[in-house]
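Data first, discussion second: the structure below is written as structure tokens.
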């Protein structure tokens, strides 16, 4: 008995997102049907929101057919057994009246599979793909009958257009600055058959207002069988085009790119939406009109009666012996750290570093007072106002009796609701040396930012910073140096483990010196600096604040504080070495994004959040004035905004295709079809930590799959592994149950905000 034939197809890409969901639902087998709220789906929603895609109705085994070029086609199946292995099993029959048209026979067949989302109880939804490359090109604007000789499948009708938006052309979907280097990429992957053949090497840039060709050039081969993407990577360079406008790139035989713009304000929307996510992440307040994005209002934060209790484990360590006597102490303000409703001092503190670094580099670029938050229009930069909301919470995390700072405010288990619906207690956990030193650094910065706004408040906050500093020396290190913090039994919140507090204290000493000018802080910095080997490959994060300390003391010198000339030169070299390392890493990757130091490894923001690399590059530009640093910082935006193998913008609400299912409970449990805009997801991850069933299922589903021989948490990153693996940069699944791919933190928000705020300024 034959499978029922197709009754309808879509070739124009004109469906709304809800229609795609409905289609996807109908294509799932009985065991894969959506139940309740879907928790993520990468395709066909993601893969087929381009006009080169044919989506099939009904319970036909083929979910969609997507053209990747005039000679290449991808077929997606929900069931593996429907895929035929033989090349001869696939043939295209032209339906036009053109007598010159001939049947097309598949010359090359490749296979791949991946998880594209999750149904109820986090059951993986698997998509099986066959990649076909035919003997000759299809006729433009033509229909074909795809036949399956020797199979029990009815033929299907598919439509090819040479003017359709093609997934094989990857472009920054937001756009480019007029004076910047402008690059896009061409290429695709045929599963285990390797790279798609690219025969045509010329390209045109078309003004979409006039449809006139305004620029022409040749594709340049950037990488042959690139291990990260699986394809031959061709670079499109149209840097000479500087005229503002809306454009598309056309490659004959492949199709068109998404529309993008060239404009001096190209980053304005990205800056605004990423910054405003801080407002939506505020705790202890209503998020309401006119400040909230329409549809994302909520009546309050987590109920005050639940925040916060001192957890019993916080009483068991010597460093925490001087606790307040009350079991409950109210707490107010701050931002939710990540996808959940935890709040962590060590991960919030870097926000002050990134915001203040932005002010150091170009204060005017970040001085806007009209970003539509409740404090807008008060004569204070909105970024400072946002920091004020965070500082209110940080100050409440400090024990006023001894100056120590509790490390975090979290529930025992995560809540699955909106903040105002939470009904579980939130607890203070140990006062740690790491958290206390990070607080001292952040408070010092905040005091400095308020100096000309409120001298009284500035003095009070620096006093709190100095008391925190005293605590780090008056109490034994907790955890002890070399030990990492671990959850108490029954606690399932994030640990943010860190084996050393030396870098935190060095950063605090530098910020305190910059703010107060006291020599004892300068001396403390030198003492701590001598104990560290500064790692130029370490991003500033909760785990490594050393480069933040280097920058702070350099800026203290810029402010007029006395700093030894030789020491200043050493610190300068550390900052520049970090930028130079990022340039070398971006040189190794044909998509020009800085990668993790392990070959081909990505994850936890190392590719999708490529703009985090922009900060060290812009710091180096500030110190040297060399254009290579500012230009590379601009290039880092491309991969985040769509110029990547999956042709997706990794920031919600930005670009044409963007994540719909980030790990953000603020979006998961509201009534909106789309997520809150401005969330920079982490993106591709080579080998997910097998801590949860969801991540394990993804690792086991990839085909082709790598064989990793390594201890837990450490992969054998060899070239051979990548050559025979599902490509690293195609391993993003738009699904909330995959934290390494989908969950950013306030630290990543801050880096993204500052990068786009600075890059949109006249200085760059």
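The values are calculated or read from the model by the stated rules, or taken from the named source; none is laboratory data. Given the structure is predicted, the values throughout are model-derived calculations rather than measurements. Ideal geometry is used to build each Cβ from the backbone, glycine not excepted, and the neighbour counts take in all protein chains shown.
Table for the structure above
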quantity: Enumerated helices (runs of 4 or more DSSP H) restricted to segment 621-707, each holding at least 2 residues that are over 18 Å from residue 745 (Cβ atoms); calculated: 627-640, 693-701
quantity: Only one of 472, 432 that is within 21 Å of residue 516 (Cα to Cα) and in the same structural domain as residue 332 (by TED's automatic domain parsing); calculated: 472
quantity: Counted residues, segment 668-694 - those being closer than 25 Å to residue 302 by Cβ and without any contact (Cβ under 8 Å) to a residue 40 or more places away in the chain; calculated: 1
quantity: Test: residue in segment 329-339 that is over 30 Å from residue 678 (Cβ atoms), assigned to a loop (DSSP other than H, G, I, E, B), in contact with a strand residue (DSSP E or B) (Cβ under 6 Å, 6 or more places away or on another chain) and at pLDDT below 90; calculated: no
quantity: So residue 487, is it within 32 Å of the chain's Cα centre (by Cα) and either modelled with pLDDT under 95 or on the phi > 0 side of the Ramachandran plot (or both); calculated: yes
quantity: Meets criteria (under 20 Å from residue 577 (Cα atoms) and assigned by TED's automatic domain parsing to the domain that holds residue 573) for residue 457; calculated: no
quantity: Qualifying residue in segment 555-576 (condition: modelled with pLDDT under 95, closer than 25 Å to residue 625 by Cα and touching a helix residue (DSSP H, G or I) at 6+ places or on another chain (Cβ under 6 Å)); calculated: no
quantity: Selection within segment 124-138 - under 18 Å from residue 66 (Cβ atoms) and either touching a helix residue (DSSP H, G or I) at 6+ places or on another chain (Cβ under 6 Å) or not in a strand (DSSP E or B) (or both); calculated: 125, 126, 128, 131, 137, 138
quantity: Test: residue in segment 439-453 that is in the same structural domain as residue 525 (by TED's automatic domain parsing), in a helix (DSSP H, G or I), closer than 18 Å to residue 495 by Cα and in contact (Cβ under 8 Å) with a residue 60 or more places away in the chain; calculated: yes
quantity: Subset tally (residues that are in a loop (DSSP other than H, G, I, E, B) and touching a helix residue (DSSP H, G or I) at 6+ places or on another chain (Cβ under 9 Å)) for segment 405-433; calculated: 14
quantity: Qualifying residue in segment 134-142 (condition: surrounded by fewer than 22 Cβ atoms within 10 Å (Cβ to Cβ) and under 30 Å from residue 684 (Cβ atoms)); calculated: yes
quantity: Filtered residue count, segment 521-558, keeping only those that are farther than 22 Å from residue 439 by Cβ and in a loop (DSSP other than H, G, I, E, B); calculated: 6
quantity: Any chance residue 497 is modelled with pLDDT under 95, surrounded by 14 or more Cβ atoms within 10 Å (Cβ to Cβ) and either touching a helix residue (DSSP H, G or I) at 6+ places or on another chain (Cβ under 9 Å) or at positive phi (or both); calculated: no
quantity: Among residues of segment 261-295, those that are in contact with a helix residue (DSSP H, G or I) (Cβ under 7 Å, 6 or more places away or on another chain), closer than 30 Å to residue 184 by Cα and assigned to a loop (DSSP other than H, G, I, E, B), counted; calculated: 1
quantity: Meets criteria (buried (at least 21 other Cβ atoms within 10 Å of the Cβ), within 30 Å of the chain's Cα centre (by Cα) and closer than 30 Å to residue 299 by Cβ) for residue 442; calculated: yes
quantity: Looking only at segment 392-404, and only at residues there that are in contact with a helix residue (DSSP H, G or I) (Cβ under 7 Å, 6 or more places away or on another chain) and under 16 Å from residue 342 (Cα atoms), the one that is surrounded by the fewest Cβ atoms within 10 Å (Cβ to Cβ); calculated: 397
